[in-house]
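The structure appears below as structure tokens.
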Amino acid sequence: MVNDIGQGRDNPSSQRMAASSGLDRNPAWAQALIYGVLATLTLICLYPMLNVLAISFSEAQAIYGNPMMVVPESFTLEAYKYIFSTRVLLNSFGITVFVTVFGTLLNLMFTITGAYALSKTQVPGHKLMLWMIVIPMLFGAGLIPMYILLKELHLLNTIWVLILPKLVAPFNMILMRNFFWSIPDGLEESARIDGAGELRIIWNVILPLSMPVIATVGLFYGVNHWNDFFTGLFFIKDNTKWPLQVVLRSIIIDFNMLNMGATTPQATGDMSRLVLQPENIKAAAIIFAVVPILCVYPFLQKYFVKGIMLGSVKG
Amino acid sequence: MNKTIGHSDRASRRRPLRKWAAEVKKARFIYLLFVPTCLYFLIFTYAPFYGITIAFKDYQVFKGIFESPWVGLEHFRTLFSSAKFPELLQNTVTISLYRILFGFPAPILFALLLNEVRAVWFKRSVQTITYFPHFLSWVVFGGIVFNFIGPNGIFNTVLEALGRDPVNLTTSVEHFRTLIVSSAIMKEFGWGAIIYLAALSGIDPQLYEAAKIDGAGKLRQIWHVTLPGMRSVMALLFVLSLAGILDAGFEQIYIFLNPAVMGPGDIIDTYVYRIGILGANYEIATAMGLFKGVVGMVFIITANSLIRRMGEKSLW
């Protein structure tokens with residue numbers, strides 16, 4: 001160990017190596033400690049999730065026998081069969097898929113057109129247009145005026161309330177505007193000289209160059225729609241129109257399946273009573289909501305990181 | 001003489017106007033593209049501003065906002081003199097301050113640790129796993145937390161194994177804030193580190209070289225080079241979190257709230273939802289929302305001018 005410290009300090013070759021990556025290298029014991037702390041933190045994140053996964057596949061006995069498992073001890077799909085037999089959950093899944101896909105498309109259409117307009121700083125009235133989307137980031141009217149507006153527009157208790165009030169997120173629009181703004185004007189000019197119309201320029205010049213930022217912003221919107229909880233909670237009373245997260249809340253937190261159009265666990269016979277428990281039903285519902293996120297996670301990680309970088313280049 | 005001056009004056013006044021009109025005409029396509037955005041903001045963010053007047057009116061649903069009579073500051077007087085108000089304010093601010101106190105340094109420390117890792121596979125695995133909870137909703141993550149701390153969960157199993165009595169954290173008044181803050185940190189510390197890692201990768205290696213030549217050890221290098229390299233990001237995020245002090249996080253709190261923990265857990269946003277939407281007491285709820293909105297705006301404008309005066313990159 002003493003030797004290691006010595007190497008870090010005195011050996012000129014190791015010093016040069018450290019210099020290339022900035023900070024000094026740590027002595028071995030400190031490095032081991034750092035790896036240990038990080039591994040522990042990672043396990044703290046991972047363990048509860050694996051535990052839920054294992055419970056969702058387990059029978060009641062196994063859950064109470066070994067609550068700390070990470071691998072299911074007895075494999076059963078009963079909990080999943082049960083949650084898929086509830087009409088409200090599947091129904092809300094359909095609603096949320098529609099809102100996520102169609103809503104994100106509308107989000108992108110509005111955000112791209114608006115951001116492109118805002119990227120043209122020479123246009124008369126540019127400042128006014130910019131302030132129009134900056135003010136909502138500083139001050140909002142609050143929940144109740146919004147509620148009353150949506151009531152007047154007859155949007156309460158409709159699927160559109162999940163889409164229309166959230167068409168544009170100012171932050172995303174500014175992110176995209178900054179990207180458009182950084183595209184050299186020369187590209188547009190040369191297309192214009194070649195006789196391309198304005199729409200053609202956007203479609204054939206701007207959009208192909210902007211795919212990374214469009215993917216990033218699209219994923220921002222998509223994940224927000226998927227995870228949207230309070231729009232449904234605030235503005236939809238009718239539980240057959242609830243989006244996924246609101247239904248999940250009533251399953252996971254309240255364990256309220258009474259109105260869910262499913263046979264209750266007790267009614268499905270002795271066999272499944274031994275299998276089904278609140279624990280594994282809740283766990284299955286959690287996994288059901290996590291799987292779609294997990295499927296797109298590689299893209300999410302890549303493009304969200306990109307988005308953070310874009311955002312931090314120009315505020 | 002006078003005539004000519006008057007004439008040229010009028011002409012020069014007209015010329016910019018004509019130039020302006022020409023520019024407007026040239027930009028008509030840009031305006032057309034802005035129309036959908038403009039309509040959206042007019043309807044869904046500016047029209048509700050009119051609804052704020054409810055806070056100053058005796059709102060009667062069948063009469064509508066316009067016809068309802070004005071009552072001045074009556075609702076604010078009722079609100080500020082109620083016993084509930086200081087309680088809500090205290091709960092909200094306390095939770096926010098705890099969040100800042102513990103939640104703000106967490107991603108910074110995590111980024112510093114991650115920065116020491118040389119094995120790429122290890123770094124990438126740690127990032128992939130710790131970023132993931134950020135993408136889950138609070139409903140789902142709350143479900144995972146409840147599974148962890150529930151009566152048959154890992155937490156109580158461990159307590160029992162250690163020979164201690166099980167604790168029901170979900171209904172415990174004294175542990176409510178700890179539960180909120182620690183689960184929020186668990187969800188976001190990984191993701192929060194990204195922006196610091198970006199700042200770290202932007203630090204010029206020559207600065208470290210210079211520090212080493214001056215005889216700085218490892219900790220001094222971190223203190224004098226690494227941390228200053230993250231300073232502008234830290235200032236920005238710190239100021240933003242201070243500006244959001246009346247925003248204690250509705251979504252998370254709502255998931256964790258139950259009658260047993262109403263004492264420490266009822267915040268401004270849960271109150272507005274409860275009395276406004278569930279209780280249809282629109283005036284008080286609007287007044288409360290307006291109070292929160294104005295304080296938030298004042299805080300963010302003050303905060304922005306503060307970081308600008310500190311010489312850091314500001315929001316605008």
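All of the numbers you see were taken from the coordinates with simple rules; none came from a lab. If you're wondering where the values come from, they're calculated on a predicted model, not measured in any experiment. We place every Cβ from the backbone using ideal geometry, glycine too, and count neighbours over all the protein chains shown.
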Whole-Hz couplings from phi, Karplus 6.51/-1.76/1.60, listed for segment A:194-207; x for Gly and Pro: 6, x, 6, x, 4, 5, 4, 4, 4, 5, 9, 10, 6, 4
Cβ neighbours within 10 Å from other chains - mean over B:143-153: 6
Estimated dipole of segment B:165-316 in Debye, rounded to 20 [Cβ of Lys and Arg +1, of Asp and Glu -1, Cα centre]: 460
Exposure proxy ranking, count of Cβ atoms within 10 Å, fewest first, for A:Phe220, B:Phe66: B:Phe66, A:Phe220
In nm, spacing of pseudo-spin labels at B:Leu42 and A:Asn157 (7 Å Cα→C-beta vector): 3.0
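What is the calculated FRET efficiency for A:Val37 to B:Ala22, with r their C-beta to C-beta distance and R₀ = 60 Å, to the nearest 0.05?
0.40
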Segments A:118-130, B:73-85, B:259-271 sorted - mean Cβ within 10 Å per residue, highest first: B:259-271, A:118-130, B:73-85
Order by protection proxy (mean Cβ within 10 Å, highest first), peptides A:183-194, B:246-257: B:246-257, A:183-194
Most positive-pole-ward Cα, B:Tyr282, B:Ala216, B:Ile194, against dipole of segment B:78-309 from beta carbon charges: B:Ala216
Positive-end residue, the protein assembly as shown charge dipole about Cα centroid, Cβ charges, pick of B:Ala21, B:Tyr273, A:Val71: B:Ala21
Length added when fully stretched, B:His224-B:Trp121, from 0.36 nm per residue minus Cα-Cα: 34.2 nm
Proxy reagent accessibility, fewest Cβ within 10 Å first, across A:Phe93, B:Phe176: A:Phe93, B:Phe176
Candidate lysines - alpha carbon under 24 Å from B:Lys63, same-chain residues fewer than 8 apart omitted: A:Lys151, A:Lys237
Helical contribution to [θ] at 222 nm, DSSP H n ≥ 4, -39,500 (n - 2.57), averaged over chain B, rounded to 500: -21000 deg cm²/dmol
Distant-in-sequence amide H partners of B:Lys57 (H built 1.01 Å from N, under 5 Å): B:Val71
Computed [θ] at 222 nm, helices only, for chain A once each DSSP H run of length n ≥ 4 contributes -39500 (n - 2.57): -22000 deg cm²/dmol
